[in-house]
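Report on the following structure.
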Amino acid sequence: MDPKDISISDFTYHLPESAIAFYPLAERDASRLLVYRRGSIGETAYREIAAALPEESLLVFNNTRVVEARLVFRKSSGGKVEIFCLEPPPEYAGMAAAMAQAGAVRWKCLIGGASKWKTGQVLVKRIGEVELEARYLEKENDSFLIQFSWRPVELSFAELLHRAGGIPLPPYIHRPPEDSDSERYQTIDAQLEGSVAAPTAGLHFTDRVFRSLKDKGIDHLFVTLHVGAGTFLPVKSATLGEHNMHTEFIAVKRGTLEEIRQAGITDNRVIAVGTTSARTIESLYWLGVKALREPQIGLTELVVNQWDAYEENAGVETDAALKALREWMDRRDTTELITTTQLLITPGYQWRLAAGLITNFHQPESTLLLLVASLIGEDWKRVYHYALEHDFRFLSYGDGCLLLP
């Protein structure tokens, strides 16, 4: 089937609110882990995950860090305007460059109470010695373009958000953010700021778990995908062809690319920790296909678009594609690839690098559930039915599963 013709109603299930985890467990690695292995289903806990993984697996984590992207302003009349910072416009050379802007920056945002805010109107927020101004510039297709400026001007935008913003919990967690969320809605290895949502599969990993993985000879490494707010949104169109996949920034170091190539091609032992890591490493193949086809392709064209996996030449061997991407980086004397991806992984997708997936339980009719279905087929229904029947906790702060098809 053409993926554009996939009916999203085929990927729904009843998720009662009682199954949604509104708070994390007291201990990260106490979360339960459903284990799906070649059709069989069992369960354990995250602190015992090493025993469930194949020996010498290579786990790929996303080391992005959630930024305090929720800004609340009060108008002089008393009305509240809430700004949710999504992503920088294309004028900045990646998320890191945009976050480093000092004194002023433009940003794509969602607005709560937008009807109360007129074009050109300036809102002001003061926190201690920090003064932040927000000017409404224009309405775009699915967001608003906002100009931020602040004093002291030497503060970067990342530092400004630390002082003025709040952690943006997912909309399905029906409670205000609390102080504890600043720590628990981050993985313990979160480093590079830029996400508006956590790579939640990594929330369950602790130093204790990493030690147990090392004892079994299981290594791990990091890629970066800055998670956008689109990850929260169910597909609203009847078929997938009408859905616009969100764009997200990715960054992968050259050495990491080579390790993934060797582990994925030679031994088929790469396990993605989270859908964001899976989409990042699978995007490397499609970037390599483009680099192989057009060795002199520019950075602005070396991106992964929504339908590339179904329209590009999929006959290129994975090893050849990744070697072409490595050579493209070598010619430009760059040690890190920074670009964007819209990769949509849906039933019918041919997986290139990830042999398994560790992930949480996702919303009905979401692209994340489609990704799970692409990996284990119709068995996604068995997995989710088992999880609901056995009282697993769902969504960002919930339990998770290890999928080994």
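Readers should treat all values here as calculations from the given coordinates under stated rules, not as data from a laboratory. Remember, predicted model here, so these are calculated numbers, not experimental data. Here the Cβ positions follow ideal geometry from the backbone for every residue, glycine too, while neighbour counts run over all protein chains shown.
Descriptive notes on the structure:
- DSSP bridge pairs, the chain: antiparallel proportion in percent, nearest 5: 70 percent
- Given 80/116; 290/323; 75/116; 214/253, the pairs whose alpha carbons are separated by over 18 Å: 214/253
- Neighbour-limited loop hits for chymotrypsin sites (Phe, Trp or Tyr not before Pro), region 10-105 (at most 16 other Cβ within 10 Å; DSSP other than H, G, I, E, B): 13, 22
- Seen from every direction in turn and averaged, the convex hull around the alpha carbons of region 179-232 projects onto 4.4 nm².
- Counting only DSSP H runs of at least 4 residues, each contributing -39500 (n - 2.57), and dividing by the residue count of the chain, the helix-based mean residue ellipticity at 222 nm comes to -6500 deg cm²/dmol.
- Taking GluC sites (Glu not before Pro) in DSSP loop conformation with at most 16 other Cβ atoms inside 10 Å as exposed sites, the chain has its longest uninterrupted site-free stretch at 179-300.
- Remark: the residue 296-residue 311 segment gains 3.3 nm on full extension, using 0.36 nm per residue and subtracting the alpha carbon distance.
- Calculated on C-alpha atoms, the gyration radius of the chain divided by its Kirkwood radius gives an Rg/Rh of 0.96.
- Around the amide H of residue 394, modelled in the peptide plane, lie the amide H atoms of 20, 21, 399, all under 5 Å away and 5 or more residues distant in sequence or on another chain.
- Amide H within-cut-off set for residue 193, under 5 Å, with H built and near neighbours excluded: 65
- Length released on extending from residue 156 to residue 141, taking residue separation times 0.36 nm less the Cα-Cα span: 2.6 nm
- Amide H within-cut-off set for residue 340, under 5 Å, with H built and near neighbours excluded: 250, 304
- Region 22-149: C-alpha gyration tensor shape, a/c 1.5 cut-off, then a/b vs b/c: prolate
- Computed from phi, the 3J(HN,Hα) profile of region 109-120 under the Karplus parametrisation 6.51, -1.76, 1.60 (θ = phi - 60°) reads 9, 9, 10, x, x, 4, 5, 8, 10, 9, 3, x Hz, with x in place of Gly and Pro.
- For region 169-264: rounded, prolate or oblate by the Cα gyration tensor [a/c cutoff 1.5]: oblate
- Cα shape, region 46-95, gyration tensor, a/c 1.5 rule: oblate
- Reported to the nearest whole Å, the Cα centre-to-centre distance from region 153-231 to region 1-28 is 21.
- Dipole of region 236-369 [Lys/Arg +1, Asp/Glu -1 at C-beta], most positive-end residue of 362, 257, 310: 257
- Our note on the geometry: Cα centres of region 310-357 and region 52-120, 27 Å apart.
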